[in-house]
Amino acid sequence: MNKDRKLIIAGNWKMNKTVAEALDLVHGLKRELASVKEVDVVVCPPFTALSEVSRAILDSNIRLGAQNMSEHSGGAYTGEIAAVMLKEFSVRYVVLGHSERRQYQKESNALIAAKAAAALTAALKPIICIGETLQEREAGATEKVLEGQLRGSLASLNKDQMEEAILAYEPVWAIGTGKNATADQAQAAHAFIRRTLAGMFDEPTARRARIQYGGSVKPANARELMRQPDVDGALVGGASLELRSFSDIVKNSI
Ligand code: PEP
């Protein structure tokens with residue numbers, strides 16, 4: 001249980017928003033969330049908008065995240081972005097191993113572990129995503145899948161690095177479907193993740209670990225989900241693209 005720490009509510013904009021649209025949204029968020037101190041709010045625009053968004057949020061309590069990065073520090077990797085390049089725009093967080101990347105780019109746990117190590121070396125906080133498919137849940141394999149992803153994706157991390165990392169439990173069947181995990185399902189998965197972390201690291205590390213829930217978080221379900229003792233924040237996709245819904249999620253989470 002970890003409610004002595006601030007919640008982190010992060011918006012994953014995926015492949016959405018031109019620079020102009022991104023700026024429009026962050027200017028609105030700055031206005032709406034100016035007085036919010038209880039939650040760390042992070043926006044994760046596409047790479048192309050990082051520079052402008054970074055400038056726009058300088059004088060605000062909103063922090064910047066990227067949606068992916070390379071495991072390499074630089075060199076002949078066409079189309080890739082290194083951690084040091086993200087740091088130029090004051091990026092503090094980076095989403096790693098999102099299920100869309102696991103599915104479409106075939107990212108493996110080993111690759112995600114390498115990216116997490118590279119992120120931490122550059123003092124970026126990785127938000128490492130794990131989660132089961134519907135088929136795996138229906139086969140009763142949720143815990144087995146989560147444990148495999150945890151052991152694989154965190155393989156490169158020591159205890160100190162785990163303190164800087166963030167986990168996002170994102171059941172694949174809940175992402176972009178409008179069908180969120182119930183508060184009970186989210187709590188059960190988060191408690192399992194925390195127990196597994198205790199085995200992999202130790203009890204204090206597991207207690208302090210930040211575990212976000214992601215999957216169709218909306219203003220209407222945010223309060224109930226964030227109230228769960230092992231839920232330490234949210235990773236929000238679709239509902240973070242729109243000013244009203246994202247700011248209501250943040251306000252409802254307090
Ligand atoms: C996500 O993409 O990380 C996500 C949780 O999406 P959505 O909120 O749209 O389900």
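Just so it is clear, none of the values below were taken in a lab; they were calculated from the coordinates. All values derive from a computational prediction rather than experimental measurement. Backbone-built Cβ (ideal geometry, glycine too); neighbour counts: all protein chains shown.
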Sequence order, segment 219-224: Karplus ³J(HN,Hα) from phi using 6.51 cos²θ - 1.76 cosθ + 1.60, θ = phi - 60°, Hz rounded, Gly and Pro as x, gives x, 6, 10, 4, 4, 5
Could you work out the relative contact order of segment 128-180, using alpha carbon pairs under 8 angstrom and six or more residues apart, expressed as a whole percent?
-> 57 percent
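Distances longer than 15 Å among the Cα atoms of segment 1-86: what percent of all pairs is that?
Working: 2240 of 3655 pairs.
The answer is 61 percent, as a whole percent.
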Relative contact order computed over segment 6-252 (Cα-Cα under 8 Å; 6+ residues apart), in percent = 20 percent
Of Lys17/Lys251; Lys14/Lys218; Lys14/Lys37; Lys115/Lys218; Lys30/Lys251; Lys6/Lys251, those spanning more than 19 Å from alpha-carbon to alpha-carbon | Lys17/Lys251; Lys14/Lys37; Lys115/Lys218
For the chain, convex hull volume per residue from C-alpha positions, Å³ = 113 Å³
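Longest span of the chain, sites excluded, free of GluC sites (Glu not before Pro) in DSSP loop with at most 16 other C-beta atoms within 10 Å? Walk me through the numbers before you get to the answer.
Values: sites that count: Glu38, Glu80, Glu88, Glu242.
Formally, the longest exposed-site-free interval is 89-241.
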Label point distance in nm, Asp59-Phe47, each placed 7 Å from Cα along Cα→Cβ | 3.1 nm
Filtered trypsin sites (Lys or Arg not before Pro), segment 172-254: DSSP coil and at most 14 other beta carbons within 10 Å = Lys179, Arg227
Counting other Cβ atoms within 10 Å, which trypsin sites (Lys or Arg not before Pro) in segment 42-112 have at most 13 and lie in a DSSP loop?
-> Lys106
The simple spin-label model distance between Ala139 and Arg5, using points 7 Å out along Cα→Cβ, in nm, is 3.2 nm
Projected label distance in nm at Glu88 and Ser35, using a 7 Å step from Cα toward the beta-carbon | 3.9 nm
